[in-house]
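Novice: Below are the structure tokens for one structure; questions will follow.
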Amino acid sequence: MQTETSGQPGSAAVDPGALRIGYGVYARPRKPRWQRWLRILLVVLLIVVAVLATQLAAGLSGADDLLMVHIENQQPINIDLRTSTARSPYVFGVNVFPAAGTQAADGSYGFMPYGPHTIQGLIGAGITMLRFPGGTWGEAHTVSYQQVNAFLHLAQQVHAAPLIQVRLRGSTPAAAAALVSYCNNPHNPIRQQYPNAPFLPVHYWAIGNEPDQRGPDYTVADYVHDFIAFATAMKVADPTIQIFGPELSQYNGPDAPPFDAHGTPWLTGFLQGVLAFERAHNWQILDGVSLHRYPFVANIDSTSLLFATADEWRYALPLLRKQIHQVMGTDLPIAITEINTSALGGQIASPLATALWWANTLGILLEEHVNYVDFFAARGVSHPYALLTMAGDPTPLYRVMQLYTHMAPDVIPVDSGDNVVSLYAATDAAHDTVTLMLINKSALEAAVTVSPVQRFSAWHTARLRLPPYAAACMVLYRGGGGQVFLYAPPAQALATGQAGPITMEPLPK
């Protein structure tokens, strides 16, 4: 039978080509071009939203607060901004001596210029605390009100907190209390003799200087007796003051030298004696434990040994805190009221080596949360080196302090160890800025790369080539950019006694 394919009612011939998609009666209508572009745009927007969501999630989880620092030939170091803690405002202190031309109560004269070189130098170095009258001078002489006025005026101009060391040997508790009253009581009758004297209350005080160096006839018990007598008289004059002690010449660990003539450890014996008084009278008279540190008593044998002394603080300070807590039953602030490479006189390291040592040491003291640090000294000594020369010019030590003025206020624990390039880190409260202090103690250049750990991060990779025997402060901003402050003094500058400059280079975004 022949089948009809056309011309019969109810049926229609179908073109086989019309069955192909896109053609004939079965084809879907083609979408307008604007709809296709809209679809593409929506896909792109979804991708952007996904990336932003990833970044937001990273920020909320803290993943974008992680950075990695790669230093050439050293293990990579993680920087976690979430572990930061605020540093003490008084870790950038320095010792100052009585002003040149002022006369002490015993007729001796001060010898440190307080002129523009000193004032601008201390401001430029970011100094936040001044200890006065500094070292053994304060135990050998009695400062006059003229000298105290000049010192307080200097502290006002520098905007630094004053710390006064009262004379112990050859003085009395009444004399110490009178000095507290003069400084802190605006109605003190002696002030009528000095109508132009500045009024800057002194909150921080120390009693004596290195009592362990007074000789075998002066024991721990003697100092405890004197400290209690002085401290109680001073706190009667002003109960709000903070008093530090025992101002020992060194700290070598718990129950280690120095000892007195009876074999009593100076620090342990002092803490025990003060604690007994405080418990018996329910009166706190010791507000902070103060020590000095000079890693070399006289000669410095080698630069490498000098650099190694900085790391001693990593185990000494935890031991010190443990010792204080075990004896006192509580924690007390720690004050390093004198620190330098060596005591007065003797052979010293080069100015640049001393500066790199101090940059490293100060970084560790910040990581270990020391509360007060007073470098010895601002000006007026040449062995060991001061921040300013006798003429008032900057030294390499001064340049190091300037680098630290660029460090953010919240310290991030890093513990870069005894690597040839040391690293210290800090951030701000919002975690929008990261600052890195890098100290190259070797004769080789070091490549440094800072990169984010998170894949989609607001932080950008930054690079630096750190010259030999140089220090740098890298300032990085979330979102990219920043600066590098580099101290790499030319050899010819150091040879002529000049410190050399700090250079600044911007980091690309």
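Novice: Quick one: order His262, His431, His292 by neighbouring beta-carbon count within 10 Å, fewest to most.
Specialist: Arranged by neighbour count, lowest to highest, His262, His431, His292 become His262, His431, His292.
Novice: Under the rule a/c < 1.5 gives rounded, and otherwise a/b versus b/c splits prolate from oblate, where does the stretch 256-398 land using the Cα gyration tensor?
Specialist: Verdict is prolate for the stretch 256-398.
Novice: Using a Förster radius of 22 Å, what is the FRET efficiency between Arg465 and Ser350 based on their Cβ-Cβ separation? Nearest 0.05, please.
Specialist: 0.40
Novice: First select every other residue whose beta carbon is under 10 angstrom from the beta carbon of Gly479; then total the charges, Lys and Arg +1, Asp and Glu -1.
Specialist: That sum, taken over residues with Cβ under 10 Å, equals +1.
Novice: Given the rule -39500 (n - 2.57) for each run of at least 4 DSSP H residues, summed and divided by the residues of the chain, what is its mean residue ellipticity at 222 nm, to the nearest 500 deg cm²/dmol?
Specialist: -10000 deg cm²/dmol
Novice: Arranged by the count of other C-beta atoms within 10 angstrom, fewest first, what order do Phe307, Phe230, Phe199 take?
Specialist: In increasing order of surrounding Cβ atoms, one gets Phe199, Phe307, Phe230.
Novice: Then there is this: Can you find, among Ile364, Val448, Ala237, the residue farthest towards the positive end of the dipole of the chain? Put +1 on the C-beta of Lys and Arg, -1 on that of Asp and Glu.
Specialist: My answer, from the dipole projection, is Val448.
Novice: Given Tyr294, Met68, Tyr315, which one lies farthest toward the positive end of the charge dipole of the chain, if we put +1 on the Cβ of every Lys and Arg and -1 on the Cβ of every Asp and Glu?
Specialist: Met68
Novice: Just to confirm my numbers, what's the Cα centroid distance between the stretch 419-453 and the stretch 195-224 in Å?
Specialist: For the stretch 419-453 versus the stretch 195-224, the Cα centre distance is 39 Å.
FYI, it's all coordinate maths here, none of it is from the lab. Everything numeric in this text was worked out from a predicted model, so none of it was measured. Please note: Cβ atoms are built from the backbone with ideal geometry, for glycine as well, and neighbour counts cover all protein chains shown.
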